[in-house]
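The structure appears below as structure tokens.
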Amino acid sequence: MTRIRRGYIARRRRTKMRLFASNFRGALSRLTRTIIQQKIRALFSAHQDRGSQKSNFRRLWITRINAVIREWGVSYSYSRLIHDLYKGRLLLNRKILAQIAILNRDCLYTISNEIIKEVGYKKSVGII
């Protein structure tokens, strides 16, 4: 009986895994078992970090908006701005507001002033 040579399917699978781990350091890119373990860990971390990336960006946008808003009015804050935007039914998300705050502060000032006038916030609180 002649010897049977093994197929290429397992080799192809391992090659794909090696390509995934080719930029890892040490045994993590050379040994098949550790490559498999590291691939699982890397994919798990990537999945986890996609969720945390969203919250990190939201936190960054809130910080930027709050910094610009507090520059010109000590008694006016981010939370009041968002509340007044909802009361005035102006639908701008935090990403857009943060971009406006960085690129064109005067535009954000005019938006907030118009919202204050529309809602009638100054007279009720006594900011004037």
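The values are calculated or read from the model by the stated rules, or taken from the named source; none is laboratory data. Quantities reported herein were computed from a predicted structural model and do not represent experimental measurements. As a convention, Cβ positions derive from the backbone with ideal geometry for all residues, glycine included, and neighbour counts pool all protein chains shown. We work out accessible area using only protein heavy atoms, side chains counted, and drop any ligands, DNA or RNA first. Shrake-Rupley method; radii C 1.70, N 1.55, O 1.52, S 1.80 Å.
Before moving on, here are some points about what is shown:
- Residues that are open to solvent by 60 Å² or more (accessible area, probe 1.4 Å) and at pLDDT below 90 do occur in region 101-109.
- Taking residues in region 27-43 that are within 16 Å of Thr15 (Cβ to Cβ), and partners anywhere that are among the basic types (Lys, Arg), the pairs with Cβ atoms closer than 7 Å and at least 6 places apart or on different chains are Thr32/Arg14; Ile35/Arg18.
- Number of residues in region 20-40 that are assigned to a helix (DSSP H, G or I) and either in contact with a strand residue (DSSP E or B) (Cβ under 7 Å, 6 or more places away or on another chain) or surrounded by 11 or more Cβ atoms within 10 Å (Cβ to Cβ) (or both) equals 11.
- Only one entry in Arg41, Arg30, Arg25 is over 29 Å from the mean Cα position of the chain (by Cα) and more than 30 Å from Leu108 (Cα to Cα), namely Arg30.
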